[in-house]
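Bear in mind that the values in this text are calculations on the coordinates, not laboratory data. Keep in mind that what you see is a predicted model, and the values were worked out from it rather than measured. Neighbour counts are summed over all protein chains in view; Cβ atoms, including those assigned to glycine, are modelled from backbone coordinates with ideal geometry.
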Amino acid sequence: MAHLKPLPASTTPELESDFAIFTEILGFIPNSLLTMQRRPEIVKGFGVLTKAVMAKDSSVDLGFKRLLAHFASHAAGCRYCEAHSLVAAQIHGISDEKLAALWEYQSSELYSDAERAALDYALAAASVPNAVDESLMERMNQHWSEDQIVEILAAVCLYGFLNRWNDSMATELEDVPKALAKGVLNADWNEGKHR
């Protein structure tokens with residue numbers, strides 16, 4: 001059960017355009033933002049950061065950034081964000097086949113060497129303690145430019161905020177991401193504290 005109940009979106013009318021950012025990303029307003037709106041400036045600031053990290057002119061594919069977020073959320077143990085990142089990845093063009101092979105990324109032909117390095121990087125960067133080392137950075141530098149590495153780490157860090165927020169609030173997971181996570185990750189996957 002959530003530690004704080006989400007408020008209706010109509011509670012803070014001035015956040016309509018901020019909420020629209022996340023409706024575009026996920027198809028709905030997440031409960032995390034409906035809880036966060038108790039402090040509207042936090043929602044606004046998070047929206048600005050999200051637009052910068054997930055910019056449409058990114059040099060890293062937007063769907064792939066959502067897979068990075070999924071791996072970061074997995075490392076952090078946030079089931080809410082694991083599920084949300086799958087919905088966002090699908091909306092932003094990641095195929096059902098690629099999602100189904102998500103945790104076979106090391107051997108699946110659907111994933112490139114560049115993607116494997118970045119997904120390993122996301123796991124390492126989101127781990128506590130941080131596990132990014134020189135050999136991993138060498139792999140990243142073989143496949144990604146410095147600008148792209150900044151974008152990749154920004155996606156991991158964006159979800160680091162959400163991971164802490166949602167796990168600390170025990171944010172209730174909405175039905176759409178819950179169903180997708182159970183289907184993609186496996187029938188045994190559960191929402192943990194996000195009931």
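With everything on Cα atoms, drop me the angle between helix 146-169 and the longest principal axis of the chain, reported from 0 to 90° to the nearest 10.
For 146-169 against the chain, the angle is about 40 degrees.
Pulled fully out, how much extra length does the chain show between residue 14 and residue 161, if you take 0.36 nm times their separation in residues and subtract their Cα-Cα distance?
Using 0.36 nm per residue and subtracting the Cα-Cα distance, I get 50.6 nm.
Within 10 Å of each residue's Cβ, count the other Cβ atoms and sort 151, 16, 41 from fewest upward.
The most exposed by this proxy come first: 41, 16, 151.
Springs between alpha-carbon pairs under 10 angstrom, Gaussian network model over the chain: which of 100, 75, 124 fluctuates most?
Of 100, 75, 124, the most mobile in the Gaussian network model is 100.
Tell me, what HN-Hα J-couplings in whole Hz come from the Karplus equation 6.51 cos²θ - 1.76 cosθ + 1.60 at θ = phi - 60° for each residue of region 125-140, using x for Gly and Pro?
5, 8, 6, 10, x, 4, 10, 6, 10, 4, 5, 5, 5, 4, 4, 4
Which whole-number percent is the relative contact order of the chain (Cα, under 8 Å, 6+ apart)?
Relative contact order of the chain: 29 percent.
Among 67, 37, 4, whose Cα projects farthest towards the positive end of the dipole of region 1-76, with charges put on the beta-carbon of Lys, Arg (+1) and Asp, Glu (-1)?
Final value for the positive-end residue is 4.
Can you compute log10 of I(q)/I(0) for region 113-186 with the Debye formula, treating each Cα as one identical point scatterer, at q = 0.15, 0.18, 0.20 Å⁻¹?
At q = 0.15, 0.18, 0.20 Å⁻¹ the computed log10 ratios are -0.65, -0.84, -0.93.
Return one number: the angle in degrees, 0 to 90 and rounded to the nearest 10, between the long axis of the Cα atoms of helix 16-26 and the longest principal axis of the Cα atoms of the chain.
Between helix and principal axis, roughly 40 degrees.
Each residue of region 33-50 in order: what ³J(HN,Hα) in whole Hz does its phi give by Karplus 6.51 cos²θ - 1.76 cosθ + 1.60, θ = phi - 60°, with x for Gly and Pro?
6, 5, 7, 4, 4, 4, 10, x, 5, 5, 4, 4, x, 5, x, 4, 5, 4
Mind checking which lysines have their Cα closer than 28 Å to the Cα of residue 65? Skip sequence neighbours fewer than 8 apart in that chain.
In chain and number order, the partners are 44, 51, 56, 98, 178, 182, 193.
Compute the acute angle (0 to 90°) between the alpha-carbon long axis of helix 175-185 and the principal axis of greatest extent of the alpha-carbon atoms of the chain; round to the nearest 10°.
20 degrees
For the chain, what is the Kirkwood estimate of the hydrodynamic radius, computed as the reciprocal of the mean inverse distance between distinct Cα atoms, to one decimal in Å?
Kirkwood radius, the chain: 17.0 Å.
Counting Lys and Arg as +1 and Asp and Glu as -1, each charge on the Cβ, what is the dipole of region 1-141 about the Cα centre in debye, to the nearest 20?
640 debye
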